[in-house]
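Okay, structure first, notes after.
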Amino acid sequence: MSADHIAEIAPMISLMRSLVYLGLVLGSVAQTSVADRAAYGGVRDIAAQGTTITVRHHHDWSRIPVKDDGWVLRYSAATPFGIDQETSNLVFYSSQGALIARTSSPPLTHLKILADDKYVIGLSDIKHLNDTQLVVFSPNGKLLLRRRISANLYCFDVAGYQALRQKHREAFSQLDRHSQSSHSSYGWRDGDRIYLEIAGGISEAYWTALAKDVLPAVCASPLSSNFSESATNWIHWYSQTDPQPRIVERHGRPFEVRLRDPQGIEFGIKFELTPLQGEQAFDEKF
């Protein structure tokens, strides 16, 4: 398979129903979950202007193709967010109006250029067919950070996670392949805690079996307890009034994104998370 066609993901309609049901279940855990009347298919144009650059964003979520078994996302080097540039993009211009770069983008709902024009930050409260709610770009269009945001996750200690992988080998094999093709992680480690953020990339049969063991481990996001989600379309994780995003650097490198949650409380998202590779290697020994 060529680099331009790394993966084609067509979520089954039945699997979408399972994920909607999951959202309703999670509603009893946190401030979630309102049912959506229809899947998001909106169009939006937003822009941000700095001292030396202007950045414009456009997305049209009605353009995502649909087959008999559901919506289709195609992940490749050219489509890192599963959709083409006509469906969602960021365009960078110089202060004179010259084109600097045009790149793929998740569907954004907030865009800001920091005062020194060093970073471009995009936020998204769109959940439907979108695995990236936070992006940071350089002023020349290079992607520096992408992150999925969820109101609820599944929390385990290391031993509990290793046991889960052993019991559900096939499910995690699917998740690992999807993570590799989409360049989007389904979890990370923080000290002795494992956080799983499973939002697709797994067949309904494997999810049904896995759900029985992960649902009892649901916990609120460690980033903020003030996040909430609708069943399908929305993730409310930043202040709609003014999220005030900023970048904290250490030793001249970006270390953390700081912004305000829906209650106006500041929280941080680190650029680097401890990956799950060490725990994934465990089950390969047995």
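The values are calculated or read from the model by the stated rules, or taken from the named source; none is laboratory data. From a predicted model like this one, the values you see are computed outputs, not experimental measurements. Cβ sites come from the backbone with ideal geometry, for glycine too, and all protein chains shown count toward neighbours. Surface areas here come from the heavy atoms of the whole protein model, side chains and all, with no ligands, DNA or RNA. Shrake-Rupley method; radii C 1.70, N 1.55, O 1.52, S 1.80 Å.
Please say if the stretch 57-158 is rounded, prolate or oblate, where rounded means a/c under 1.5 for a ≥ b ≥ c the square roots of the C-alpha gyration tensor eigenvalues, and otherwise the choice is prolate for a/b larger than b/c and oblate otherwise?
oblate
Using a Förster radius of 41 Å, what is the FRET efficiency between ALA78 and ALA115 based on their Cβ-Cβ separation? Nearest 0.05, please.
Approximately 0.80, to the nearest 0.05.
With r as the distance between the Cβ atoms of ASP190 and GLN263 and R0 = 25 Å, compute the FRET efficiency 1/(1 + (r/R0)^6) and round to 0.05.
Step by step, r from the Cβ atoms, then E = 0.65.
Going highest first, how would you order 42-50, 180-188 by mean Cβ packing within 10 Å?
180-188, 42-50
What does the extension gain come out to for ASP45 and LEU99, with contour length at 0.36 nm per residue minus their alpha carbon separation?
17.7 nm
With a 1.4 Å probe and all protein chains left in place, how much of the accessible area of the stretch 126-225 comes from carbon and sulfur atoms, in whole percent?
50
Which parts of the stretch 36-50 would a label at SER62 reach, counting a residue when its backbone N lies under 18 Å from a point 7 Å out along Cα-to-Cβ?
37-46, by backbone N distance to the label point.
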